Each structure stands twice: as structure tokens, then as C-alpha cells.
1. I'm trying to understand the selection: among the residues of the range 407-422, which are assigned to a loop (DSSP other than H, G, I, E, B) and farther than 28 Å from Glu548 by Cα?
2. Report the residue count in the range 518-536 for those that are more than 9 Å from ligand 1 (Cβ to nearest atom) and open to solvent by less than 30 Å² (accessible area, probe 1.4 Å).
3. Which number in (1) more than 30 Å from Ile430 (Cβ to Cβ); (2) more than 15 Å from ligand 2 (Cβ to nearest atom); (3) of a type in the set (S, T, N, Q) marks the one condition that Gln465 misses?
4. Would you mind stating whether Glu454 is touching a residue at least 60 places away in the same chain (Cβ under 8 Å) and either surrounded by fewer than 21 Cβ atoms within 10 Å (Cβ to Cβ) or closer than 24 Å to Ala373 by Cβ (or both)?
5. Please indicate, with yes or no, whether at least one residue in the range 67-74 is in contact (Cβ under 8 Å) with a residue 40 or more places away in the chain, at negative phi, assigned to a helix (DSSP H, G or I) and open to solvent by 30 Å² or more (accessible area, probe 1.4 Å).
6. Please list, ordered by residue number, the helices (runs of 4 or more DSSP H) wholly in the range 439-520 having 1 or more residues that are within 14 Å of ligand 3 (Cβ to nearest atom) and either closer than 25 Å to Gly531 by Cβ or touching a Ser or Thr at 6+ places or on another chain (Cβ under 8 Å) (or both).
7. From the residues in the range 341-391 that are open to solvent by less than 20 Å² (accessible area, probe 1.4 Å) and among the small types (Gly, Ala, Ser), which one is nearest to Lys494 (Cα to Cα)?
8. Return a yes/no flag: does the range 416-423 have any residue that is out of contact with any His (no Cβ under 9 Å at 6 or more places or on another chain) and open to solvent by less than 20 Å² (accessible area, probe 1.4 Å).
Amino acid sequence: MNETLDPMNRSSVRVLVLTPEHTDYLWYVAMLRNDHEILPDLTWCPDLIDCDDLVRNAHFDVILWDCCLHGGSELAFLQYLTVSSGDKPILALGADSEALRTPEMLINGAADYLRKGSLEAWGLGRSVRCLWYRQQVADSTQGQLGAEVASGFINRDLFFDRLQQALLRAERSGHRLALLHINLDDFRAINENLGYQMGDQLILKVAERLRQVLRRVDSLMRIGGDEFAIIIEKVEDSLDITQIIRKVVGVLGDPIVVDGHSVVVSASLGVATFPEAGDTPETLLRRANRAMFEAKRDTGTSYRFYNKQLHITAGRQLKLEADLRNALRGRELELYYQPRIDLTTEEVRGVECLLRWNHPDGHLIPPDEFIPAAERSGLIVPIGYWVIEQACARLRDAANLGHPGLVFAVNLSFRQFHDRKMTETIFRIIYNANVDTSLLELELTESAMMHDPEYAQRCLRELNQLGISFALDDFGTGYSSLSNLQHLPISLVKIDKSFVQELGASGDAEHIIRAIISLAHSLQMSVVAEGVETEGQLEFLRQQQCDEVQGYYYARPMPWDDLVEFLDARNRLACLQQ
Ligand code: C2E
Ligand code: CA
Ligand code: CA
């Protein structure tokens, strides 16, 4: 609470606002701004993908939820929200009357319901205030468990009890569980240099940081002067654990300011997982402790798993991510280009830009091996922008080298849609590059749009207005039908290479390809067949009036210089044939 900053001495109340409309959000801000008792601190979240992360990891006092966010699934969402927010008060806002909706909303977990149509500042302020007060009272009752609870610590008995309960839950649900034992390095030296009082303050700050990166389901306990234990529940695989470790290591890495002194702490982390390392609270703690002592041998913040196998996979993932981060900085990434041939004119219509990683150990790593890691860690977002930047630069080079009008297609990952600033950033890149946007095409898969169709559609429309066109990649492997997608600005469909490669081997592939082409054409979309390797495949596609092909038959993806040579050679050939 930052009462001291507010001249009216109001209590700061953190409100998460889940609404798709920015204007609605601004309207709520305006209504709450002048409340006499609370100083609202509002955070806007327009889409459901980011919402999960915010609800679990950030700290809010009240959640303001606009039910209009969902089609017919609002009650299911409300139940999810109640659970994932750890029973935070949820104020639901909807179009129907209060008499009609309130009972149902309360039964499903909302703390209050208000009709948007009759909303005004006083009513909204009162509701938010009441929910906040109620929560304060509830929290202070829990505070009887001990003052430590309030500061994020829980006592040892409670911790063992929680661990026992968590183990039972893990057993029932078939999830893994991880126990993290954290020990600050050289804490004695810190105490001696700064004094015990500041040492204590430092510990509190460390605890606060740890708490910020943990999810609601995780428990943090101080088990010694400079030691913490964390229970991580609902672990699916080693990646879940590495994500948390990554965050823990990350927050411990930043200097901590205590009383004007900037202190850098390092810590050793030991991890023991259920069921691999044991199934009782005592065994897990003992083994996490042992792993922690092993981690002490390294300098700086480091961690060790008790279970060797898990250690290897988790370690590999973290290393891959660290290498990838360096790759982006160190110019190890490169684009290869694969031509797309127009079947009526035999001309190169465009190229698909495909990422390669020149690893410092001399290997060329294909995207299938590093893109999943880049997606999991979020690194695909900056990498994706780099790819677009590079493609734009090459688009200009191509025109200057006598190949104007080539379409440059870039792949867009589903994860890039999580970036709230996606359209804005892409706009900035193409504006700076000063290229003809009609020559830029973005390829995306159906799944990229599945997470949050409304937001994805909005992005597509905004980018389309700038002149960018869209292609649906790997078509045929997903579930949606083309007609479902016809309201999207998609002008091209790429038939997945698995169908092309089945040609001749199964009649199914022929039927599917025929159907895709005729449907796409009836919806005014062009068709590109991918993975064309043989004359036979090419002939079939030609007969079916497929518009373009891409595949080893014509060319493999190649570095820029080779592409320029390829284009020049084809131009020369075309001249000779005229
Ligand atoms: P994709 O978008 O389906 O790309 C086509 C893949 O098929 C490319 O693999 C290409 O080399 C391969 N291919 C093309 N013609 C043939 C052929 O005749 N036969 C066979 N067997 N394969 C052919 P690549 O370059 O390994 O890329 C794999 C995937 O990685 C891409 O699949 C795409 O999903 C992803 N990717 C590549 N670059 C990027 C990028 O910049 N961003 C994102 N988000 N994903 C990328
Ligand atoms: Ca593609
Ligand atoms: Ca594809």
C-alpha cells in the first residue's frame, strides 16, 4: 500500500480489469479515480492468454471481470478464475439485469455482480471498496497463524503439513511435485559487513522477490536464517520446473538495495521431485538439501537436481535457451530462402524465409530443433521481429538487384500473438524499412489463432490494413475448415507437405488436395503446395490448377547469395527462351 504517496491518504487497491475493450477499461478508470476512500491501481488485460499469467503471478486485491469477454462459456471461466486467483474477490459486470444474473454468478464464485448498462461511479466504487475490505478482514483472520504468514513465510509445521497435502494431491492427480531448497551464499559475510539488522532486511527482500515469481499454488517457507524452501505443485514435466528455477535465478541475480546499499546475493538451489526423489516430506527435504550442497560447489547462483535424469533434460533446456539468447545477440541466426514457383508462368513468385542457427560449434541447426525452445521461453518474440526486419531488408535488396515484385513470406509463431505490441512493432519495422508492404506475407497456422481468436483476428485486420497479406500454413493438419476462416483476411493456403508426399501412395491424399484447392478457389484464395519433390507430384498439382509450388524439386532453402544466383540464372534462362 502506498498511502504515503496519496495526498488524500487513501488506501491503494490493486484491481485487475479483464475486458476486451480499451474504452471500457478507461471508463472504469474514470469512474474509480475520484473515490474518497480508495486509490485504485488498475491493470488492463484484454485477452485470456495473458490473463492466466497475471491472475496467477501478479498480486491483485480485486478482479473486475467483464463477462461479455466470453461467448457462452462465462460460468466455466468464472470457476477457473476463482480457482486460479486463489479466491480473490471477483466483481462480475454483464449486460443482463442484476436480479437475473446475480444468484448464478455468486454460486459460481463471483463476489458481486453489476449490470454494465446502469453502472455509475458511486455504485462501482462502493462495490470495489466492500470487496476489498472483506478481503482485508479475511486476511487478518488468517494472520492468526502467525505474523510470518503475512510476510510470505509460513512456519515449519504448517509447511510439512502443506507438503504432505501437496504430495497427496500430486499422487491423486498424477502430477509431479518439486521441492526447492534455497540457501544464500556467504550470508555470514553479509551479516558481518552490513550488520544483522540489515541482514534481516535483506532476507525479507529476498523473500519478497521469491514470492513475486511464485505461482499461487506454490508455498514459500523460511527454514533457517538464510534458507528457504519452496513447494512447486502441478508440475507436468521438467520444463515447468525449469521455468520456475529460471525465474528464481533471475530475481536473485538483480542487486538488492538495503538502506542505500546495493547488495548482490547469490544462492544455491537444490531440487527434489516427487515421485523420482521420494514420496514423504522428510525424504524430499533431505534430498533437496543434499542437492543444494552439491550446488554450493559452483560459484554464483546455481542449482542441482537430486534426480539425475531430470537434471539432464532440464539442464539441456536451460542451456539451449541461454545459447539462443547469445545467438540473437551474436548474429548467429541467418535466414535461408526457398523459392515458390508460379505454375502458370513458371516464374519465381516469392520466397519463404526460413531460420537457421549457425551454432558456434560449427553446426547448422534446423528450426525444428530450436523454435520450440524459443517459443517456450518467449525468445521467439524478439527473434520473430529480427526475422521480419531481415526479410524487409532483403526485400529491398532484391528489388535493387533486378528482382522486383518478389513476395517475401515470413513465419509467425502463435507465441508472437502474446505480445501486446505486435502490430505496433511490425508497423514500426516496415515503416523504418520503407518497403512495399504488399510484398510482405505472414504465414501462420490455425493453432496460432486458436488461443484467442478475437485478439488474433484484430491483429490480422490491423496488419492487413497496412497492406500485409496472410497465408495459412500447414493446411489440412488442423481441425478448422476453410469456410470457418473465410472472415479472416487470408489470401493464400499452403497445403501441408505430408499430403503432397502421400500422393501416389494413397488415394486419400489426392481427394484431400483436390478438395482443398477447389474450396480455396471458391473462396478466392490462392493455393501453394509445399514439399514438392517429384515430377509426378508436380504434374498432379498442375492438373488440379494449384497456383504455386514450393519444394526440393525446384530448390531447397538456400542462403541469400545462392538465392540471388538462382534468380539470376532463371532470368537468363527466361531471356534465352523468349
Ligand atoms: P514450414 O513453415 O512448414 O516450412 C517448410 C519446411 O519444409 C521447411 O523446413 C522446408 O525446408 C521444408 N521443405 C520445403 N520443401 C521441402 C521438400 O520438398 N521436402 C521436404 N522434406 N521438406 C521440404 P525448415 O526450414 O526446417 O523449417 C521447419 C519449420 O520451422 C517451418 O515449417 C516453420 O514452422 C518453422 N520456422 C522456420 N523459420 C521460422 C521463423 O522464422 N519463425 C517461426 N516462427 N518459425 C519458423
Ligand atoms: Ca511456413
Ligand atoms: Ca508449412
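The values are calculated or read from the model by the stated rules, or taken from the named source; none is laboratory data. These figures come from a predicted structure and were not determined experimentally. Neighbour counts run over all protein chains shown; Cβ positions are idealised from the backbone, glycine included. Heavy atoms of the whole protein, side chains included, go into the accessibility calculation; ligands, DNA and RNA do not. Shrake-Rupley method; radii C 1.70, N 1.55, O 1.52, S 1.80 Å.
1. If the condition is that a residue be assigned to a loop (DSSP other than H, G, I, E, B) and farther than 28 Å from Glu548 by Cα, then Asp419, Arg420, Lys421 are the ones that fit.
2. Number of matching residues: 5.
3. That leaves (1) as the condition not met.
4. yes
5. Within the range 67-74 (the criterion being in contact (Cβ under 8 Å) with a residue 40 or more places away in the chain, at negative phi, assigned to a helix (DSSP H, G or I) and open to solvent by 30 Å² or more (accessible area, probe 1.4 Å)), the answer is yes, since at least one residue qualifies.
6. Those helices (runs of 4 or more DSSP H) span 446-450, 497-502.
7. This residue is Gly350.
8. Within the range 416-423, one or more residues are out of contact with any His (no Cβ under 9 Å at 6 or more places or on another chain) and open to solvent by less than 20 Å² (accessible area, probe 1.4 Å).
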